[in-house]
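Participant: Dropping the structure in here first, questions after.
The values are calculated or read from the model by the stated rules, or taken from the named source; none is laboratory data. Every value quoted in this text rests on a predicted model; they were computed, and no experiment measured them. Don't worry about glycine lacking a Cβ; one is built from the backbone with ideal geometry, like all the others, and counts go over all protein chains shown.
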Amino acid sequence: MRALTKLPGYLLALTFLLLVACTNEAPKRTISLDDIRPKSPQKNSQKPEKSQTDTLQRLCNFYTNDSASLQISKISLDETNDKFFLDRFSLTRQRYLLTDSLDKIFQYKNWSFRDSSSCTEAFYNWLDQAGKNKTSVALKSGPIWSSNYEVYLVCDQEIIQISSPQRIFIKNWLKWYSGTAHFKSFKYIIYAQPKKKTLWLKYTNSKITAL
């Protein structure tokens, strides 16, 4: 009889313990699958598209600085995927098709390097095959072979090429680039012209002179 009188007390204590256990486990049930599902693959799949947009915006922002004389009316990504010698050395590269107000088209290429030494080394390697029939070109004097008009701007950590079937007004491009936010200096400026002498130049105080 004494055991029976203690039974309600045991049941009450057991019920209380069950309630406490359920209360402690309740927050675990509120976790969503979205909270534990890996998100990195989704971010990686979206990254290239975002990078292209940011890159194009970067050039558009540059164009607004000291660029009225360029008269560029349209900027689009160049998706031809043509291979170029400098591609193998650069960390990143950019390619655009630019159209001015007279419908003149320019190809714009940009190769970025991790530091100044890497940029210079890549430039020297390119010179070793930049002549006609892949021959070496002498620094500051040699002829760069090209079927188009081409401007090469060798800067601190990047090399830029502007190419067009028609003559390029190089001073306008130098003024534009020297006004951009990250510009430091020009190491070399090269203007290659079909069937004409290659010009090796320097740009100081908004004036172009021969090297």
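Participant: Quickly run through segment 134-154 and pick out the residues that are in contact with a strand residue (DSSP E or B) (Cβ under 8 Å, 6 or more places away or on another chain) and among the charged types (D, E, K, R).
Facilitator: Residues satisfying the conditions are K140, E150.
Participant: Among the residues in segment 82-104, are any surrounded by fewer than 14 Cβ atoms within 10 Å (Cβ to Cβ), touching an Asp or Glu at 6+ places or on another chain (Cβ under 6 Å), of a type outside the set (K, R) and at pLDDT 50 or above?
Facilitator: No, segment 82-104 has no match at all.
Participant: Still on this structure, I have one more. Could you list, in sequence order, all residues of segment 173-199 that are over 13 Å from C155 (Cβ atoms) and part of a strand (DSSP E or B)?
Facilitator: Selection gives Y191, A192, L199.
Participant: Being outside any strand (DSSP E or B) and either surrounded by fewer than 16 Cβ atoms within 10 Å (Cβ to Cβ) or of a type outside the set (F, W, Y) (or both): is that true of Q129 here? Walk me through how you get there before you give the answer.
Facilitator: Details: outside any strand (DSSP E or B): yes; either surrounded by fewer than 16 Cβ atoms within 10 Å (Cβ to Cβ) or of a type outside the set (F, W, Y) (or both): yes.
For Q129, the condition - outside any strand (DSSP E or B) and either surrounded by fewer than 16 Cβ atoms within 10 Å (Cβ to Cβ) or of a type outside the set (F, W, Y) (or both) - is met.
Participant: Does segment 81-108 hold any residues that are within 24 Å of N125 (Cα to Cα) and among the polar types (S, T, N, Q), and which are they?
Facilitator: Listed by number, the residues that qualify are N81, S90, T92, Q94, Q107.
Participant: Can you tell me which residue among S112, S163, S146 is among the small types (G, A, S), in contact (Cβ under 8 Å) with a residue 40 or more places away in the chain and touching a Pro at 6+ places or on another chain (Cβ under 9 Å)?
Facilitator: Only one candidate qualifies: S146.
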